[in-house]
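A.B. asks: Below is the structure I would like to discuss, written out as structure tokens.
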Amino acid sequence: MSKLANGSLDTLAAGVSSAGRFAFDTEFMGEGRYRTLLCLIQLAVPDGANVDRIELIDPLEQDLDGAPLAAILADPAVQTVVHAGRQDVALVRRRFATEVRNVFDTQIAAGFAGLGAQSSYDTLLAEILDVRLAKSASFTRWDTRPLSPEQSQYAREDVVHLLELAAELERRLTALGRLEWAREECRFLEQSSDERDLDTVFARLPRIRGLGPAAQTIARELVAWRERTAATADRPVQSILGDAPLVELAKRKPTSTRQLEQIRGINAASLHRRASEILDAVHRGSERTPEPLPQEGRPPAPDPEDGPLIALSEAFVRARAREAGLAYELLAARADLQAIVAARRVGNAEADVRTLRGWRRELVGAELLELLDGRVSLSVRDRAVNARSQDSI
């Protein structure tokens, strides 16, 4: 597949650069692996007369030179179109050691055009382009070669209308004056990554803050050992050692296989094959200078009394989203509203949530704060929610 049917990858990349835009999608498999395996890349490139050229690239091919693809992905002058592309972007960034710039995600764009924020590709094709696809190969083995004709057809269909869909969404957003909002939101996808951050993994361990500094240091060493072992074996980290037994190991500090056997949750395979490695990791952690978790500033604790204000805030934001023709999910999640209400209750600085930043603040965030501070009152008239400044009453 990387031996392109209509020319080399260099020629294809040159065509992308000339067109200034292309679309891509991926097929991948994550089951039973440490990291998700990128199995296929589908490209759609404008090829004149409203016809897109579709090519399939095989990232599993050992001698694939991905430099031309990496170059167009990283070129800010080339628009990269995806649909729900967070994982797609993360996978190609890692596989080709490249950045991905100028991303336009049709799922995100649809939310700004008044469609569902989580709309599927099939749904958008049907609603916007009146196109319906017959999907049939989504759960097949994408890591086997050769691909079947059914798989190849399925993969091509994932991008065959993607550029047309993006163009129509751009047209609608331009008419609504929201194209820049959508582009701003899409820029966050450029940093998508599936790399595992060890500090984050460690901090999310269950009950880790209940351990003392010495035990936390052992837990750090066990986390690092588990990640290395899982990467080498290409197995999910939980199949090597689960979170709960890892924390228990750090707490109990076993020094023998017999003591290991007394800890629940360590699977038999790990005990048989890796007992000495686990004990060595515990020993290394015991020898290190304790490194306790930093005392991070925590948001105010939830209060049952916040419930009515959260409900009021959600109703207000939903009303503003409906008036603006935006998907509510683009403006706030319940956790955002909980944080805003809790911070206001205790008199803290504003909650650091997306609803109070950028275009969201302009559209609804600032007015929401005024509502919670009592500077704005609400009334319902003609099926609309009307905000009125208390200063004018």
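The values are calculated or read from the model by the stated rules, or taken from the named source; none is laboratory data. Every value quoted in this text rests on a predicted model; they were computed, and no experiment measured them. No Cβ is skipped: glycine too gets one built from the backbone with ideal geometry, and neighbour counts run over all protein chains shown.
A.B. asks: Determine whether I340 is assigned to a helix (DSSP H, G or I), among the hydrophobic types (A, V, I, L, M, F, W, C) and not assigned by TED's automatic domain parsing to the domain that holds F112. Walk me through how you get there before you give the answer.
C.D. replies: Numbers: assigned to a helix (DSSP H, G or I): yes; among the hydrophobic types (A, V, I, L, M, F, W, C): yes; not assigned by TED's automatic domain parsing to the domain that holds F112: yes.
For I340, the condition - assigned to a helix (DSSP H, G or I), among the hydrophobic types (A, V, I, L, M, F, W, C) and not assigned by TED's automatic domain parsing to the domain that holds F112 - is met.
A.B. asks: Take residues that are assigned by TED's automatic domain parsing to the domain that holds F202 and in contact (Cβ under 8 Å) with a residue 24 or more places away in the chain and tell me which of the helices (runs of 4 or more DSSP H) falling wholly in the range 229-285 contain 3 or more. Talk me through it step by step, then tell me what you get.
C.D. replies: Working: elements: 237-240, 243-252, 257-260.
Answer list for the range 229-285: 237-240, 243-252.
A.B. asks: On to the next question. Suppose we keep only residues that are among the acidic types (D, E) and part of a helix (DSSP H, G or I) within the range 146-164. Which one would you say is surrounded by the fewest Cβ atoms within 10 Å (Cβ to Cβ)? Give the steps one after another, and end with the answer.
C.D. replies: Going through the range 146-164, the residues among the acidic types (D, E) turn out to be 150, 157-158, 164.
Still in the list and also part of a helix (DSSP H, G or I): 150, 157, 164.
On the way: E150: 11, E157: 22, E164: 17.
This residue is E150.
A.B. asks: Looking at (1) closer than 28 Å to V353 by Cβ; (2) loosely packed, with under 12 Cβ neighbours inside 10 Å, can you tell me which one A269 breaks?
C.D. replies: (1)
A.B. asks: Of the residues A319, A324, A332, which is surrounded by 13 or more Cβ atoms within 10 Å (Cβ to Cβ) and either at pLDDT 95 or above or charged (D, E, K, R) (or both)? Let's see the steps before the verdict.
C.D. replies: Values: A319 fails: either at pLDDT 95 or above or charged (D, E, K, R) (or both); A324 fails: either at pLDDT 95 or above or charged (D, E, K, R) (or both).
From the options A319, A324, A332, the qualifying one is A332.
A.B. asks: Out of the range 56-74, which residues are over 22 Å from the mean Cα position of the chain (by Cα), surrounded by fewer than 19 Cβ atoms within 10 Å (Cβ to Cβ) and either within 11 Å of T98 (Cβ to Cβ) or not charged (D, E, K, R) (or both)?
C.D. replies: L60, Q62, L64, A67, P68, A71
A.B. asks: Only one of these is of a type in the set (D, E), within 21 Å of A14 (Cβ to Cβ) and either in a loop (DSSP other than H, G, I, E, B) or touching a residue at least 60 places away in the same chain (Cβ under 8 Å) (or both): D143, D65. Name it. If you could, list the steps in order and put the result at the bottom.
C.D. replies: Working: D143 fails: within 21 Å of A14 (Cβ to Cβ).
It is D65.
A.B. asks: Which members of the range 315-356 meet the condition of being within 22 Å of W181 (Cα to Cα), among the basic types (K, R) and free of Cβ contacts under 8 Å to residues at least 60 places away in the same chain?
C.D. replies: Within the range 315-356, R318, R322, R334, R354 qualify.
Results for (1) of a type in the set (F, W, Y); (2) outside the structural domain of G325 (by TED's automatic domain parsing); (3) in contact with a helix residue (DSSP H, G or I) (Cβ under 7 Å, 6 or more places away or on another chain); (4) at pLDDT 95 or above, shown as yes or no for each residue.
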site	(1), (2), (3), (4)
L91	no, yes, no, yes
R95	no, yes, no, yes
E99	no, yes, yes, yes
N102	no, yes, no, yes
A110	no, yes, yes, yes
G114	no, yes, no, no
A117	no, yes, yes, no
Y121	yes, yes, no, yes
A126	no, yes, no, yes
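A.B. asks: With respect to A13, determine if the residue is crowded, with 22+ Cβ neighbours inside 10 Å, among the aliphatic types (A, V, I, L, M), part of a helix (DSSP H, G or I) and in the same structural domain as L64 (by TED's automatic domain parsing). If you could, list the steps in order and put the result at the bottom.
C.D. replies: Numbers: crowded, with 22+ Cβ neighbours inside 10 Å: yes; among the aliphatic types (A, V, I, L, M): yes; part of a helix (DSSP H, G or I): yes; in the same structural domain as L64 (by TED's automatic domain parsing): yes.
In short, yes.
A.B. asks: Same structure, new question: Filter the range 165-178 down to the residues that are of a type in the set (A, V, I, L, M) and either touching a residue at least 40 places away in the same chain (Cβ under 8 Å) or surrounded by 20 or more Cβ atoms within 10 Å (Cβ to Cβ) (or both), then identify the one that is nearest to T98 (Cα to Cα). Even if it seems obvious, please write down each step before you answer.
C.D. replies: Just the residues of the range 165-178 that are of a type in the set (A, V, I, L, M), to begin with: 165-167, 169, 173, 175-176.
This time we only want the ones that are either touching a residue at least 40 places away in the same chain (Cβ under 8 Å) or surrounded by 20 or more Cβ atoms within 10 Å (Cβ to Cβ) (or both), so: 165-166, 169, 173, 176.
Values: L165: 26, A166: 23, L169: 27, L173: 29, L176: 34 Å.
Step by step, filter the range 165-178, then rank; the result is A166.
A.B. asks: Among the numbered conditions (1) in contact with a helix residue (DSSP H, G or I) (Cβ under 6 Å, 6 or more places away or on another chain); (2) closer than 24 Å to L12 by Cβ, tell me where L162 comes up short.
C.D. replies: Checking L162 against (1) in contact with a helix residue (DSSP H, G or I) (Cβ under 6 Å, 6 or more places away or on another chain); (2) closer than 24 Å to L12 by Cβ, the one that fails is (1).
A.B. asks: Let me ask something else about it. Scan the range 119-137 residue by residue and report those that are loosely packed, with under 12 Cβ neighbours inside 10 Å and over 19 Å from Q107 (Cα atoms).
C.D. replies: Across the range 119-137, the qualifying residue is only A134.
A.B. asks: Taking the conditions exactly as written (closer than 24 Å to I108 by Cα, outside any helix (DSSP H, G or I) and within 29 Å of the chain's Cα centre (by Cα)), does A366 satisfy them or not?
C.D. replies: Values: closer than 24 Å to I108 by Cα: yes; outside any helix (DSSP H, G or I): no; within 29 Å of the chain's Cα centre (by Cα): yes.
For A366, the condition - closer than 24 Å to I108 by Cα, outside any helix (DSSP H, G or I) and within 29 Å of the chain's Cα centre (by Cα) - is not met.
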